[in-house]
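Student: Please see the structure below; I have some questions.
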Amino acid sequence: MEATLRQGLTALELPTENVCSFLRYGEMLIETNKVMNLTAITEPKDVATLHFLDCAALAHLYDFKGKKVADVGTGAGFPGIPLKLVEPSIDLTLLDSLNKRIDFLKEVCSALDLKQVECIHGRAEEFAADHRESYDVVTSRAVANLQMLSELCLPLVKEGGYFLSMKSVESEEEINSAKKAIATLGGKIEKCVDYTIPGTDVSHRLVLIKKVAPTPKKYPRAFAKIKKSPL
Ligand code: SAM
């Protein structure tokens with residue numbers, strides 16, 4: 001895992017100082033996964049590429065330096081923790097609706113001695129009531145389709161900030177179907193960037209959505225509403 005990580009981070013022009021923390025995080029993920037459902041990816045090399053380098057790649061594509069970041073539906077910490085390890089200057093909120101995953105993340109933060117990281121058990125659409133438009137950047141990977149996900153994430157983003165959504169390279173139709181919702185919520189797709197995870201032939205897509213106007217106060221709605229009648 002170590003060589004794969006070092007080579008991958010170097011290829012992404014990212015620092016390798018925290019490789020030991022990545023290794024410890026990888027051990028905790030694989031160990032805890034034996035008793036708690038955290039990930040389907042369990043081979044150390046695959047954890048290094050498909051989780052760690054996939055997530056770290058965002059810091060190659062976008063400058064996170066000093067940003068206040070919320071990772072919505074973070075699960076076992078993706079992409080939030082890898083981002084913190086390659087860009088320690090971020091102030092990070094890890095949000096998930098499953099408390100046992102949040103408990104795992106608290107243990108990881110303590111073991112890795114991470115500062116300026118908050119692990120919060122909650123639903124994004126409810127969290128927005130007190131944290132509306134207060135983040136420079138909101139990230140999300142594998143949580144919902146972009147149409148619904150935009151209503152969970154865009155209300156949290158400050159005007160001028162970004163919602164960075166990690167998607168597959170086959171997301172053309174999904175992105176097109178979300179355009180109306182994104183505009184309604186005050187967002188605008190600035191660009192989509194496809195990237196290949198170092199050490200693999202796997203390509204993913206980052207959708208960069210800029211917050212260009214405030215989100216109307218009536219959004220986000222309750223989850224049942226978002227699901228039943230997506231914008
Ligand atoms: N982002 C991680 C990753 O890429 O490995 C986890 C993906 S997992 C498939 C989706 C996660 O989103 C789950 O941990 C789930 O509890 C969380 N989730 C789903 N809906 C949510 C919501 N409305 N608010 C907060 N978390 C949510």
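Student: Residues of segment 201-231 with backbone nitrogen within less than 20 Å of a virtual label 7 Å along the Cα-to-Cβ line of GLU126, please, listed as ranges.
Tutor: 218-229
Student: Please give the charge dipole size of segment 60-228, origin at the Cα centre, charges +1 on K and R Cβ atoms and -1 on D and E Cβ atoms. Round to the nearest 20 debye.
Tutor: The calculated dipole for segment 60-228 is roughly 640 debye.
Student: Of the accessible area of the chain, with the probe set at 1.4 angstrom, what percent is carbon plus sulfur?
Tutor: That fraction is 49 percent.
Student: Report, in whole Å, the centroid distance computed from the Cα atoms of segment 104-153 and segment 1-34.
Tutor: Taking the Cα centre of segment 1-34 as reference, the centre of segment 104-153 is 22 Å away.
Student: What 222 nm value per residue comes from the helices of the chain, counting each DSSP H run with n ≥ 4 as -39,500 (n - 2.57) and dividing by all residues, nearest 500 deg cm²/dmol?
Tutor: -11000 deg cm²/dmol, from helical runs alone.
Student: Want the number for ARG24 to SER168: 0.36 nm per residue separation, take away the alpha-carbon distance, what's left?
Tutor: 49.0 nm
Student: Could you give the accessible area per residue of the chain, probe 1.4 Å, as a whole number in Å²?
Tutor: On a per-residue basis, 45 Å².
Student: May I pose another question? Each residue of segment 110-123 in order: what ³J(HN,Hα) in whole Hz does its phi give by Karplus 6.51 cos²θ - 1.76 cosθ + 1.60, θ = phi - 60°, with x for Gly and Pro?
Tutor: Ordered by residue, 3J(HN,Hα) equals 5, 4, 8, 6, 7, 9, 6, 10, 10, 10, 10, 8, x, 9 Hz.
Student: Then there is this: So, in nm, how far is label GLU2 from label SER110 when the simple model puts each one 7 Å beyond its Cα toward the Cβ?
Tutor: Roughly 2.7 nm, to one decimal.
Student: Can you list residues from other chains, or at least 5 along the same chain, whose modelled amide H is less than 5 Å from the amide H of LYS68?
Tutor: ASP91, ASP136, VAL137
Student: Going by the alpha-carbon gyration tensor, a ≥ b ≥ c the square roots of its eigenvalues, is segment 148-229 rounded (a/c under 1.5) or, if a/c is not under 1.5, prolate (a/b greater than b/c) versus oblate?
Tutor: Taking the square roots of the gyration eigenvalues as a ≥ b ≥ c, segment 148-229 is prolate.
Student: Going by the alpha-carbon gyration tensor, a ≥ b ≥ c the square roots of its eigenvalues, is segment 4-148 rounded (a/c under 1.5) or, if a/c is not under 1.5, prolate (a/b greater than b/c) versus oblate?
Tutor: oblate
Student: Please list, in order along segment 64-70, the HN-Hα scalar couplings obtained from phi with the Karplus expression 6.51 cos²θ - 1.76 cosθ + 1.60 (θ = phi - 60°), rounded to whole Hz, x for Gly and Pro.
Tutor: Taking θ as phi minus 60°, the curve returns 8, 3, x, 7, 8, 10, 10 Hz for segment 64-70.
Student: Taking amide H positions as placed 1.01 Å from N in the peptide plane, with prolines and chain starts having none, which residues 5 or more places from CYS119, or on another chain, fall under 5 Å of its amide H?
Tutor: LEU94
The values are calculated or read from the model by the stated rules, or taken from the named source; none is laboratory data. Only a predicted model underlies this, so the values are computations on that prediction, with no experimental measurement involved. Neighbour counts run over all protein chains shown; Cβ positions are idealised from the backbone, glycine included. To get the accessible areas, we keep the full protein, side chains included, count just its heavy atoms, and leave off ligands, DNA and RNA. Shrake-Rupley method; radii C 1.70, N 1.55, O 1.52, S 1.80 Å.
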